[in-house]
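Engineer: Starting off with a structure, shown below.
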Amino acid sequence: MPPTPSKLNNEQRREVCSRYELGETMAGLAKEFGVSTTNIRKTVRRGVPGDEEATKVPVSGASIAKFAKRAKSILWRQNGKDKKTYNTWQERVNDLTDNGGCTRHQAIVQVSKDYKCLERLFAEYDVSAHDPNPDSHPQIRQHGQPEPVDGVMSEARVQSHRENLAWAIDMAGRYLRTGEKPDTTPNDAAYFMYRQAIDDPKEFFAKYTQIQAKPNEEEEADRLARTTGKRAISEIDQMLDVLEEHGEAV
């Protein structure tokens, strides 16, 4: 049985495929284009007949698709149950697409520049081909640009390894959530851990888990002291028992 003819023309089919790659739902696309979800599913699966090369996502398209998905994921986690930040971002992207003369890709890039928590994505993904205004937001480091020196001031504070680790994890978590960097660090060792947590989170947390599995040195010392004390008391009690058995005065 031949496939059911689509109600979408080829230009609409290309747009559906592209926007689905950017993370939009089939139900949302179906509602906007006035077709069934099944129709959208078939469109995404088959692409545009006779136009296979055009429907393939190029390298830059793959970058913007991943960029958009990461941006949505970050914004979704910003406000807990209240998705105000995420919803506002979506509304601004839609408005710029509908009324600002931008493609959806361009709107995503331009709007995302105004969110500090998304700035690091520009360094991770090359979305320059979709940037309608490259000169805006010069403070954002773009893909391929060298990372600037942080210039974080050290307080030269003496503290334990675990305290340094706790500070590094807290600051790395804040940066990954909001894009905010620390102005000061307790000491150079703590800052080194912080950089590791940001640059290679998987490796860092593997080491962190190993460290957590080891007992704290101070706690271990206290445990040994208590054990030694209990042993000494037990030995004294045994000695007293022996003396009493031999009739020694105590």
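Computed from the coordinates by the stated procedures, all read-outs in this text should not be read as laboratory data. Quick caveat, the model's predicted, so the values are computed rather than measured. Cβ: placed from backbone, ideal geometry, glycine included. Neighbour counts: every protein chain shown.
Engineer: Taking 0.36 nm per residue of sequence separation and subtracting the Cα-Cα distance, how much length would be gained by fully extending the chain between E32 and K113, in nm to one decimal?
Structural biologist: Full-extension gain reported as 26.5 nm.
Engineer: Nearest 0.05, what FRET efficiency do D170 and Q90 give at R0 = 35 Å with Cβ-Cβ as r?
Structural biologist: Calculated transfer efficiency: 0.70.
Engineer: Can you put F67, F192 in order of Cβ neighbours within 10 angstrom, beginning with the fewest?
Structural biologist: Listed from fewest to most nearby Cβ atoms, that is F192, F67.
Engineer: From the cross-link list K84/K113; K7/K116; K42/K72; K42/K83; K42/K66, which pairs have alpha carbons spaced over 29 Å apart?
Structural biologist: K7/K116; K42/K83, as the Cα separations exceed 29 Å there.
Engineer: Tell me, what does the Kirkwood hydrodynamic radius of the range 58-146 come to in angstroms if you use every pair of distinct C-alpha atoms?
Structural biologist: For the range 58-146, inverting the mean 1/r across all distinct Cα pairs yields 13.2 Å.
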